[in-house]
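Read the structure below first, then the notes.
The values are calculated or read from the model by the stated rules, or taken from the named source; none is laboratory data. The shown structure was predicted, so the numbers you read here are calculated from the model rather than taken from an experiment. Virtual Cβ from ideal backbone geometry, glycine too; neighbours counted across all protein chains shown.
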Amino acid sequence: MSNTEAMTKKPSARSTWLARPAADRDAWNNFRRAAGSVIAEVDADLQQNLNVGYTDVDALIHLSIADDHCMRMASLARAVSRSPSALTRLVDRLEQRSLVERERSSSTEVSVTLTPEGLDLLAEAAPRVLAEVEQRFWSRLTADERNALSSISKKLMETEPPNC
């Protein structure tokens, strides 16, 4: 290989990743693994005991605190961090179980409403979720750590950099 070819060759994913400081890589990996681990434990408990997943319950929680227990699909997708197509599949599952009802108000506007059956399931799921989150998250952090994590998480979710 000539020097010109070596100079124009793109760096590999591995070399690009390893070029980051170890602290950066550790911060990302630990954040991703910690969040995934806690959510996976909550999900496993819900699946085993109520035959429903964490994302399903997350959607029901958002609907339960919304005005009239109703949200537009686009808003619900943002609330549960799902693409529109993934949310459609999620709502399909919930609708098949009579946990939500879907209503189309126009060709582009679809709303989802929590049903009494959905509220009943949420009444069973909420204590399970809270117990798992207490055990795997809140109890392992001090109040200062929870406040710092909350502040960091809000900063990470900002769509625009903060103004000076």
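General remarks:
- Residue check, ASP56 more than 30 Å from ARG93 (Cα to Cα) and either in a helix (DSSP H, G or I) or modelled with pLDDT of 90 or more (or both): no
- Matching entry among LEU119, LEU63, LEU130, LEU149 (being buried (at least 16 other Cβ atoms within 10 Å of the Cβ) and in a helix (DSSP H, G or I)): LEU63
- When residues of region 8-37 are limited to those that are assigned to a helix (DSSP H, G or I) and among the basic types (Lys, Arg), the one surrounded by the most Cβ atoms within 10 Å (Cβ to Cβ): ARG25
- Some residue of region 122-134 being basic (Lys, Arg) and farther than 24 Å from ASN51 by Cα: no
- Of the listed requirements (1) polar (S, T, N, Q); (2) more than 28 Å from ALA131 (Cα to Cα); (3) part of a helix (DSSP H, G or I), GLN47 misses just one: (2).
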